[in-house]
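The values are calculated or read from the model by the stated rules, or taken from the named source; none is laboratory data. All values reported here derive from a predicted model rather than from experimental measurement. In this analysis, Cβ positions are derived from the backbone assuming ideal geometry, glycine residues included, and neighbour counts consider all displayed protein chains.
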Amino acid sequence: MLLKTFILVFDVILVSVALTLIQTVSPWFSFLLTGLFLFPILRMSGLIEDLDEREKAIDNLSSNIALAIVFLLAMFYTGMRYEIGTDCFISFILIPFAAKAIFSAGLSLSRKQSISIIGRTVGLIFIGFAVLSHGSSVTTAIEIIPGVAILAATELSKRCKYFGLSFLAFIAVATLVYWNNFDRVTMVMVYALFVIPFSFLFVRSFGKE
């Protein structure tokens, strides 16, 4: 479990740094993303412990889900006739990676653990962005409300599955907010990064331990 957590943290940091450098310095920093293949190569080489049968099944399932999302993105982008640019490239990396990480980690853990880790992470990201964007201000106090609501829904849904309906409400609100902005790839990417974890949390809330 410790190794899996380390790999997940490493991948998240790598993707975050790479995407920041791609947007602020040069698109050539996209080659940093090849680092995502580091641990699979080490595992295939026998340098780190291989996955057991259950972990392999979860890894395959999460990979198939990520692949399905890539196909859906491609069809949606084609239908919307987006211009292919850096934002499209980033979305094809970030969205499937987020989906794989969420489903792989979430299905490997118990119901309460997966809801706790994923829900808290999403809520704290909301709060973190608000604080970093506006510092200590009234605007920050307003913008952290969604993050606080997500944290509250996370804690409550661990205790009672019916509070998992809150995540369905979050999806509905996100859809209303972003629906008229789907002409921009960036908005589609942000919407997807909200909906994927909320969808998982909704389903997992009603699942068994």
Looking at (1) of a type in the set (S, T, N, Q); (2) at pLDDT below 85; (3) surrounded by 18 or more Cβ atoms within 10 Å (Cβ to Cβ), which is the one condition that is false for SER133?
-> (3)
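Here are some residues: GLU155, GLU83. Which one is assigned to a helix (DSSP H, G or I) and of a type in the set (Asp, Glu)? Working first, answer last.
Numbers: GLU83 fails: assigned to a helix (DSSP H, G or I).
Step by step, each of GLU155, GLU83 is checked, and only GLU155 is assigned to a helix (DSSP H, G or I) and of a type in the set (Asp, Glu).
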Extreme residue, surrounded by the most Cβ atoms within 10 Å (Cβ to Cβ), among residues of the stretch 8-56 that are of a type in the set (Val, Ile, Thr), modelled with pLDDT of 70 or more and farther than 17 Å from SER91 by Cβ = VAL17
Per the list (1) in contact with a Lys or Arg (Cβ under 9 Å, 6 or more places away or on another chain); (2) at pLDDT 85 or above, residue check on SER108 breaks on (2)
Right, ALA141: closer than 30 Å to TYR162 by Cα, more than 19 Å from the chain's Cα centre (by Cα) and modelled with pLDDT under 85 or not?
-> yes
Of ALA130, ALA174, ALA192, ALA153, which residue is in contact (Cβ under 8 Å) with a residue 24 or more places away in the chain and closer than 29 Å to LEU32 by Cα?
-> ALA192
